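Peer 1: I'd like to ask you about the structure that follows.
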Amino acid sequence: MSTSTPSRRSGEAAIQGSRAAVGSPIRRNRKPFNWRRAGAWALVIVAIAVSVLPFYWVLRTSLSTNNALAANATNLLPADFNLGAYKRVFGLQTAEEAVAEGGSGAQIDFWGYLRNSVLFSSITTAGAVFFSAMAAYAFARLRWRGRNAVFSLFLATMMVPPIFTALPNFLFIKNLGLLNTMLGLVLPYVFMTPFAIFFLRQFFLNMSREVEEAAMLDGAKHLRIFFQIVLPNAAAPIATLALLTFIGQWNEYFWPLLVGQDESVRVLTVGLGVFKSQSPQGAPDWSGLMAATLVSALPVLILFIAFGKKIVNSIGFSGIK
Amino acid sequence: MTTTTARGAVPARKAPRGAEGTASRGWRRNHGDLKVALFFIAPAMIGFIAFFLVPTLRGIYLSFTEYSILGDPEWIGAKNYEAIAKDPLFWNALAVTCQYVLINIALQTALALGLALLMQRVAKSTLIRGTLLLPYLMANVIAALLWFWLLDYQIGIVNYLIEGLGLPRVAFFGSEQWAIPTQALINTWRHMGYTALLIFAGLQAIPNHVYEVANLDGASPTQTFWKITMPLLRPVLVLVLIVTVIGSFQVFDTVAVTTQGGPVNASRVLQFYIYQRAFTESDFGYGSALAVILFVILALVAFIQMKFLRGNESDLD
């Protein structure tokens, strides 16, 4: 946390008054201690703690031994430090060992779920972003009759709640014989998402036409313009979109729950749900469950650490549709 | 840095009209782009027709049929809707969902507004904003499991903290009284930072000179907040409300992972009820009719909020 910025600013500048105080230089120097500013920072710290500490607790639990959890429920450090939970998650423990450490003894194919999640998220992201970029190009840079009507129709689908289309889509995928296949899982997402089209269209609309028109005069066709001018120029928003889409798909639960129940295509979110319900009602395998939770969150955590700024800065734009 | 990004984002929202205007003048000569456009739009069009348009129509059709997954759907007119009107479980689901939405939206919006103000005036670093966004990036399933453990009745840390305060333990997931507020709290935890960022972007769009004038006129911080910040923020707040209310109505994941609608019917929210009717009980007609009703509710909610918004859109100009 940088305290340098606040301290340079005005004394009175607390929660409610920073703007107002900028214009009054008299107050700017040496206020010994500003209670309002300190109070504001206390609130910020509480908010950060509420956002982050639960994850620490998950980590701490995943490194504990189940049988020791109850006796050390409030200990900030892992209770009887042990990597058994992770071994259990990755299938490195025999059933007897797992049961001895408070696991359910049932095998879960965590690597398989991980692979399925990666496949599902990557395929849908790549397809949706690319095809949506093509469509956005047609909506932003080409002139054709009915363009705005079709675009409004596409946008309107953002209003349709996913549950509403999920039922008929499930029947459709079932009729195609694609239940419990990766193809069935990705089909509804892979062609486009209304949001992706909307998001990219905004950027394409704002791009300068000069280069494009020069290329036109040189006889370049639309396909070349799309690949060599529009896509490279929109690399940044496309990367942001891909990032947001990937995270969204990684977290997707409802559709994979309907279509991908089978072990062979089960993704992590669905697998976690199954893992949880396997725990006998009396004594859940908390450390195993928390280890699985943390490992499932890891890819997003890594993306977040690598591209956090990109994600944060995209919110103001993407959220207000 | 913070201001440049947020300011950059705001014109982007308004730009299309202007950009399109200049574009069309230079682009007139290329009237016949239809064939090219069809090529570019083809994949998205397939997805749109196969997975959005047709299912929407089919969903409406199915709602007028009796259809267990075996055999063919049989047309029964409005019978599903008549049955729903008399279905106590539906009314319970509606009440439970509304309770969830109310608690969640009230808490989340209030907290997010506070956080947004803090982000704008005190905690300006992107790092802090990113940290507050972290819960939002986690899957609902992960948020649900995480809190399922933290709020455990027997050995969850939160109940130890509550006990430490001299209060009795709370069965967050196990009591009818707490099941829905707990789900709402989990969602608030996950969405608080995200909503705050949306509101923060709106705050950044309020021009500085408005505040300077208010300052010259001797307005107190409280006055400035209620008379300037809030009215100018209203369009953004309404948009945020539309997005979050619609999202809240479709709560499913956390319920499915933790309480499964229970105890008894205490957390059987609409989407979970639809899921149970359609997929557990193989009653697709009834499930579709329920989904149509949810759809209509969402459209109404959005429409009412949108109307409310339109009157305020020009506040900034």
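Peer 1: Go through B:Trp178, B:Trp226, A:Trp35 and list them by solvent-accessible area, largest first, probe radius 1.4 Å.
Peer 2: A:Trp35, B:Trp226, B:Trp178
Peer 1: Rounded if a/c is under 1.5, else prolate if a/b is larger than b/c, else oblate: which is the protein assembly as shown, with a ≥ b ≥ c the root eigenvalues of its Cα gyration tensor?
Peer 2: oblate
Peer 1: Based on the Cβ-Cβ distance from B:Tyr81 to A:Ala38, what FRET efficiency comes out when R0 is 60 Å, to the nearest 0.05?
Peer 2: 0.55
Peer 1: In segment B:211-242, whose amide N lies under 17 Å from the spot 7 Å out along Cα-to-Cβ of B:Ile304? List them in ranges.
Peer 2: B:238-242
Peer 1: Please calculate the 1.4 Å probe accessible area of B:Val170, with all protein chains present, and give it to the nearest 10 Å².
Peer 2: About 20 Å², rounded to the nearest 10.
Peer 1: For segment A:111-264, compute the orientation-averaged projected area of the C-alpha convex hull (one quarter of its surface), in nm².
Peer 2: 10.3 nm²
Peer 1: Let me ask something additional. Roughly how many debye, to the nearest 20, is the charge dipole of segment B:62-140 about its Cα centre, given +1 on each Lys and Arg Cβ, -1 on each Asp and Glu Cβ, and no other charges?
Peer 2: In total the dipole reaches around 800 debye.
Peer 1: Given Cβ point charges of +1 (Lys, Arg) and -1 (Asp, Glu) and nothing else, what value in debye, to the nearest 20, does the dipole of segment A:194-247 about its Cα centre take?
Peer 2: The calculated dipole for segment A:194-247 is roughly 180 debye.
Peer 1: While we're looking at this one, here's another question. Would you list A:Arg115, A:Arg37, A:Arg141 from the most to the least accessible area, probe 1.4 Å? The partial results should precede the final answer.
Peer 2: On the way: A:Arg115 125, A:Arg37 30, A:Arg141 0 Å².
Most to least solvent-accessible, the answer reads A:Arg115, A:Arg37, A:Arg141.
Peer 1: Follow-up. Run the 1.4 Å probe and let me know the accessible area of A:Leu231, rounded to the nearest 10 Å².
Peer 2: Accessible area, nearest 10 Å²: 40 Å².
Peer 1: Follow-up. Taking N as the number of residues in segment A:40-83, what value does Rg over Cα atoms divided by 2.2 N^0.38 Å take?
Peer 2: 1.41
Peer 1: Once both labels are modelled 7 Å past Cα along the beta-carbon direction, what's the B:Met230-B:Ile162 spacing in nm?
Peer 2: Between B:Met230 and B:Ile162, the simple spin-label model gives 3.3 nm.
Peer 1: Report Rg/Rh for segment A:227-271, rounded to two decimals, where Rg is the Cα radius of gyration and Rh the Kirkwood radius.
Peer 2: With Rh from the inverse mean 1/r over Cα pairs, Rg/Rh is 1.24.
Peer 1: Next up: Going down the table (B:Lys124/B:Lys227; A:Lys174/B:Lys35; B:Lys227/B:Lys307; A:Lys276/B:Lys86), which pairs top 26 Å between alpha carbons?
Peer 2: On the way: B:Lys124/B:Lys227 24 Å; A:Lys174/B:Lys35 34 Å; B:Lys227/B:Lys307 22 Å; A:Lys276/B:Lys86 35 Å.
Over 26 Å apart, Cα to Cα: A:Lys174/B:Lys35; A:Lys276/B:Lys86.
Peer 1: Tell me the per residue accessible area of the protein assembly as shown using a 1.4 Å probe; a whole number in Å² is fine.
Peer 2: 43 Å²
Peer 1: So what is the relative contact order of segment A:111-264, in percent, for Cα pairs below 8 Å that sit 6 or more residues apart?
Peer 2: With pairs under 8 Å counted, the relative contact order is 45 percent.
Peer 1: Using only the alpha-carbon atoms of segment B:164-239 as identical scatterers, what base-10 log of I(q)/I(0) does the Debye formula give at q = 0.18, 0.20 Å⁻¹?
Peer 2: Treating every Cα as an identical point scatterer, log10 I(q)/I(0) equals -0.80, -0.88.
Peer 1: Quick one: how many Å² of B:His209 are accessible to a 1.4 Å probe, rounded to 10?
Peer 2: It works out to around 110 Å².
Peer 1: Okay, next question. Place a +1 charge on the Cβ of each Lys and Arg in segment A:111-264 and a -1 charge on the Cβ of each Asp and Glu, then give the dipole magnitude about the Cα centre in debye, rounded to the nearest 20.
Peer 2: In debye, rounded to 20, segment A:111-264 gives about 420.
Peer 1: Assuming R0 = 51 Å, can you tell me the calculated FRET efficiency for the pair A:Asp109 and B:Thr222, based on Cβ-Cβ distance, to the nearest 0.05?
Peer 2: Calculated transfer efficiency: 0.30.
Peer 1: Once whole DSSP H runs in chain B are found, which of them have Cα atoms spread over 24 Å or more along the helix axis and a mean Kyte-Doolittle score of at least 1.0?
Peer 2: Qualifying helices, which must be both long enough and hydrophobic enough, are B:88-121, B:230-249, B:284-310.
Peer 1: Using a 1.4 angstrom probe with every protein chain in place, what is the largest-first accessible-area order of B:Glu212, A:Glu263?
Peer 2: From most exposed to least exposed: B:Glu212, A:Glu263.
Peer 1: With the contact rule set at Cα under 8 Å and sequence spacing of 6 or more, what percent relative contact order holds for segment A:68-199?
Peer 2: For segment A:68-199, the relative contact order is 29 percent.
Peer 1: Here's another thing I want to ask about it. Whole number please: convex hull volume per residue of the Cα set in segment B:88-316, in Å³?
Peer 2: Convex hull of Cα atoms, per residue: 146 Å³.
Peer 1: Based on the alpha-carbon gyration tensor of segment A:50-173 and its eigenvalue square roots a ≥ b ≥ c, which shape applies: rounded if a/c is under 1.5, prolate if not and a/b is larger than b/c, or oblate?
Peer 2: Since a/c reaches 1.5 and a/b is larger than b/c, the shape of segment A:50-173 is classed as prolate.
Peer 1: Excluding ligands, DNA and RNA, what is the accessible area buried between chains B and A, summed over both sides, using a 1.4 Å probe, to the nearest 100 Å²? Walk me through the numbers on the way to the answer.
Peer 2: On the way: alone 18700 and 18930 Å², together 27340 Å².
Approximately 10300 Å², summed over both chains.
Peer 1: Tell me, what is the percent relative contact order of chain B, built from C-alpha pairs under 8 Å that lie six or more residues apart? Could the numbers behind the result be given before it?
Peer 2: Working: 331 pairs, mean separation 85.8, N = 317.
Relative contact order, chain B: 27 percent.
Peer 1: Additional query: Treat each spin label as a single point 7 Å out from the Cα along the C-beta direction, and report the B:Lys35 to B:His209 distance in nm.
Peer 2: 5.3 nm
Peer 1: While we're looking at this one, here's another question. Give me the one-decimal nm value for the distance between modelled label points at A:Ser122 and A:Ser264, 7 Å along each residue's Cα-to-Cβ direction.
Peer 2: Result for the modelled spin labels: 2.0 nm.
Peer 1: Take the Cβ-Cβ distance between A:Val274 and A:Asn75 as r, set R0 to 30 Å, and report the resulting FRET efficiency rounded to the nearest 0.05.
Peer 2: Calculated transfer efficiency: 0.50.
The values are calculated or read from the model by the stated rules, or taken from the named source; none is laboratory data. All figures in this text were calculated on a predicted structure; none of them were measured in a lab. Glycine also receives a Cβ, built like all others from the backbone with ideal geometry; neighbour counts cover every protein chain displayed. The protein model used for the area step is the full one, side chains on, heavy atoms only, and it has no ligands, DNA or RNA in it. Shrake-Rupley method; radii C 1.70, N 1.55, O 1.52, S 1.80 Å.
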